[in-house]
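Below you'll find the structure, written out as structure tokens, and then a few comments.
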Amino acid sequence: LAVCVIDDQVARKLFAFDDPLGLDLKISGSYYQVVGIVSQVTPAETTGAFGTKPATASKGGGVTGNVYIPLTTAKCRFPELDFRISGGKQSAEQVELQKITVKVGSAKQVLPIRDILDALLAHLHKKQDYNIVVPLELLRQAARTRRIFSIVLGSIAAISLLVGGIGIMNIMLATVSERTREIGIRRALGARKRDIIIQFLSETLLLTWVGGVLGIILGSLIPALVTYFGHMPTIITGSSLVLAFGISAAVGITFGLYPAYRAANMDPIESLRH
């Protein structure tokens, strides 16, 4: 026995003094068992695997209201009607899927996925009653925009690293000048140039790593706030964190070499006189 769901208007008019659940309802010569009651809604508001049809029952002629039956049942028992599915909403017009939007992970997957979908649909439909549209031009434009955006962001990041590196180098040069006597004492006690270089490079690396950690914290916090308040998904990968530490180390070594070599090449005697 087929099943159906009726709205409260049909329930009041046909089953005013009875509980309709479990009772049979005759529609167009076929019987359906009532398995549920819903509030009255318009057909355009219905979603799911149910069709809708104005109720005509054996208990008193025409009745205004909605009776919902499974779509597969509707297709079999009402072949004279067409059923339309569009955007998850159904109306009694035609069984027809208007559009399927497929989202892929990257632009490189578009053409392979298109070929897979084409083969699958050709196997299922047995005829060319579909059309696969791939907006390649939009994808190319989006790729160009991302490329320009990446170049701009990369330029800003490079300038920021350059300015930050110059600032670190100036700080270390000032540190070398302030610690001239310390350098002279270490050299007089037997420290080699390599020891002085390692000392100042280590201090520079420590300074840049502290800045890198602060940058990673801010760089993780800001996207989290954007995701929370702006409802925009953001992704932070482990490789980006490793890259941030690597860039911090590279900046520290690059801009710390000159102050370290300058400290190592100081004359110990002149340094002690300072």
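A few remarks follow.
- Residues of the stretch 104-129 that turn out to be closer than 20 Å to ARG147 by Cα and surrounded by 10 or more Cβ atoms within 10 Å (Cβ to Cβ), as a count: 4
- When we screen ALA55, ALA16, ALA44, ALA11 for residues that are farther than 30 Å from ARG146 by Cβ, part of a helix (DSSP H, G or I) and modelled with pLDDT under 85, the only hit is ALA44.
- Qualifying position, being surrounded by 11 or more Cβ atoms within 10 Å (Cβ to Cβ) and touching a Pro at 6+ places or on another chain (Cβ under 9 Å), among PHE245, PHE200: PHE200
- Any hit, the stretch 100-116, residues being at pLDDT below 75 and either under 22 Å from SER30 (Cβ atoms) or outside any helix (DSSP H, G or I) (or both): no
- In the stretch 178-194, residue modelled with the lowest pLDDT [restricted to those that are assigned to a helix (DSSP H, G or I) and exposed (fewer than 13 other Cβ atoms within 10 Å of the Cβ)]: ALA188
The values are calculated or read from the model by the stated rules, or taken from the named source; none is laboratory data. Keep in mind the model is a prediction, meaning the values are calculated, not measured. Don't worry about glycine lacking a Cβ; one is built from the backbone with ideal geometry, like all the others, and counts go over all protein chains shown.
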